[in-house]
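K.L.:
Structure provided below as structure tokens; questions to follow.
The values are calculated or read from the model by the stated rules, or taken from the named source; none is laboratory data. Values in this document were obtained by computation on a predicted structure and should not be read as measured data. All Cβ positions, even for glycine, are placed from backbone atoms using ideal geometry, and neighbour counts span all protein chains on display.
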Amino acid sequence: MSEIYLDYNATTPVAKPVQEEVSFALAEKWGNPSSGHRLGQMAKKALEYARTQVASLLNADPSEILFTSGGTESNNIAITGLCQAMSGKGRHIITTCIEHPSIMNPCLHLLEQGWEVSFIKVNSQGVADPMEVERALRPDTVMVSVMLANNETGAIQPVAAVSQVAHRHGVLVHSDAAQAVGKIPVDVKDLGVDYLSIAGHKLYAPKGIGVLYCKTDAPLGRIMFGGGQEQGLRPGTEPVPLAVGLGAACNFVARDINAESERQKCLREKLYTELFRLDHTIIRHGDPENTIPNTLSVSFVGKNGAEILSRVPEVMASTGAACHDRTIKVSHVLAAMGISPEVASGTVRFSLGRGTTESDIEKAVRLIGRLFDRM
Ligand SMILES: Cc1ncc(COP(=O)(O)O)c(C=O)c1O
């Protein structure tokens with residue numbers, strides 16, 4: 001039986017029109033954008049066009065778009081660069097307990113360097129409360145970083161409300177939007193953020209390209225040193241074909257984002273309903289009305305998520321806990337939601353995408369059902 005890919009939050013395939021643009025750029029736009037001659041300037045033009053495509057998806061100005069190598073780098077530049085620029089004001093930052101390691105680990109690194117970090121708790125649906133952010137704000141707080149959509153549960157965070165609260169106190173706001181961009185409309189002005197991270201490979205662009213949106217005049221210190229590319233903030237010869245790919249991907253997802261979002265939501269609800277029919281004890285994580293439309297995180301109580309996926313290898317999805325030396329290591333996200341290790345160990349995250357069909361969902365449920373009959 002053919003394989004069913006339900007792991008689009010891990011990564012997406014490169015969309016056909018994106019592949020074509022990247023191939024063309026690889027063949028024709030290989031000049032160095034810093035070169036003054038015709039080939040260099042052709043590459044520069046392609047790079048700048050890609051920048052306008054990304055800016056248009058986010059409702060930003062092209063001058064506010066910095067190309068990076070991906071979500072991890074964007075998050076590192078945002079956290080470290082901002083703290084460096086603002087250290088004269090104070091040494092306190094606020095984030096949540098459910099961030100991706102590319103936010104968590106720079107924060108832990110800052111802790112080791114004497115900074116203070118407040119980690120905001122989430123409720124049982126995996127959502128942070130802007131009032132908690134307000135309570136954590138101090139005169140020496142320099143930034144708040146709250147992700148837009150969680151990678152494990154899909155839970156959408158109240159970033160616009162967080163921005164309002166933080167800005168009332170003169171504090172800058174960053175959001176890791178790696179899991180949201182391309183799945184739901186993301187408008188930096190509506191969100192009111194000063195910085196926002198994107199990972200190209202989560203929205204049908206190639207791996208190795210991302211973006212940090214940095215609002216005009218928002219401070220950002222340099223953490224890398226080299227040539228003056230990307231306003232000196234992300235130096236190094238720009239990977240033009242990858243940037244072209246990200247621009248094309250932004251264009252690709254923008255065309256029908258609302259219709260596609262609705263389609264995936266319907267398929268996800270079908271998946272949940274059919275899984276529930278198989279096993280009435282399953283527990284769903286997150287409020288379906290407040291998650292990105294493609295993500296379904298469920299726990300099969302009394303079963304093991306990793307075992308399910310290994311015994312149904314045709315269904316490619318992710319787990320929410322890992323077993324090391326017979327102890328269960330629950331993901332920090334599920335733990336923050338108060339989910340017990342026993343329940344967390346039965347967690348499977350299904351994430352749908354543009355390639356997912358109704359027949360994929362039916363096949364996946366059939367395969368899992370057959371396994372449950374055998375178990
Ligand atoms: C929420 C979130 N932020 C950041 C990243 C890191 O992105 P990248 O793999 O492009 O470094 C990921 C990737 O899984 C993610 O899910």
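K.L.:
Do we find that ARG349 is at pLDDT 95 or above, surrounded by 19 or more Cβ atoms within 10 Å (Cβ to Cβ) and within 20 Å of LEU6 (Cα to Cα) in this structure? Show your work before the answer.
P.N.:
Details: at pLDDT 95 or above: yes; surrounded by 19 or more Cβ atoms within 10 Å (Cβ to Cβ): yes; within 20 Å of LEU6 (Cα to Cα): yes.
Considered against the rule, which asks whether it is at pLDDT 95 or above, surrounded by 19 or more Cβ atoms within 10 Å (Cβ to Cβ) and within 20 Å of LEU6 (Cα to Cα), ARG349 comes out as yes.
K.L.:
When segment 174-218 is examined, which residues are found to be of a type in the set (D, E, K, R) and within 15 Å of the ligand (Cβ to nearest atom)?
P.N.:
The initial filter retains those residues of segment 174-218 that are of a type in the set (D, E, K, R), namely 176, 183, 187, 189-190, 194, 202, 207, 215, 217.
ASP176, LYS183, LYS202, LYS207, listed by residue number.
K.L.:
So which pairs qualify, if the first residue must be in segment 7-33 and more than 18 Å from CYS250 (Cβ to Cβ), the second must be within 16 Å of the ligand (Cβ to nearest atom) and among the small types (Gly, Ala, Ser), the Cβ gap must be under 8 Å, and the two must be at least 6 apart or on different chains?
P.N.:
Filtered contacts from segment 7-33: ASP7/ALA317; ASP7/SER318; ASP7/SER351; ASN9/GLY154; ASN9/SER318; ASN9/SER351; ALA10/SER318; ALA10/SER351.
K.L.:
Can we say GLU262 is acidic (Asp, Glu) and over 24 Å from LYS189 (Cα atoms)? Let's see the steps before the verdict.
P.N.:
On the way: acidic (Asp, Glu): yes; over 24 Å from LYS189 (Cα atoms): no.
Considered against the rule, which asks whether it is acidic (Asp, Glu) and over 24 Å from LYS189 (Cα atoms), GLU262 comes out as no.
K.L.:
Counting just the residues of segment 158-185 that are under 12 Å from the mean Cα position of the chain (by Cα) and assigned to a loop (DSSP other than H, G, I, E, B), which one comes out surrounded by the fewest Cβ atoms within 10 Å (Cβ to Cβ)?
P.N.:
Filtering segment 158-185 for residues that are under 12 Å from the mean Cα position of the chain (by Cα) and assigned to a loop (DSSP other than H, G, I, E, B), the one surrounded by the fewest Cβ atoms within 10 Å (Cβ to Cβ) comes out as ALA180.
K.L.:
Read through the list (1) touching an Asp or Glu at 6+ places or on another chain (Cβ under 8 Å); (2) among the basic types (Lys, Arg); (3) closer than 30 Å to ARG284 by Cβ, then give the number of the only condition that LYS89 fails.
P.N.:
Unmet for LYS89, out of (1) touching an Asp or Glu at 6+ places or on another chain (Cβ under 8 Å); (2) among the basic types (Lys, Arg); (3) closer than 30 Å to ARG284 by Cβ: (3).
Yes or no, residue by residue, for (1) more than 28 Å from THR153 (Cβ to Cβ); (2) of a type in the set (A, V, I, L, M); (3) more than 15 Å from the ligand (Cβ to nearest atom):
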position	(1), (2), (3)
ALA46	yes, yes, yes
SER69	no, no, no
ASN76	no, no, no
SER87	yes, no, yes
GLU116	no, no, yes
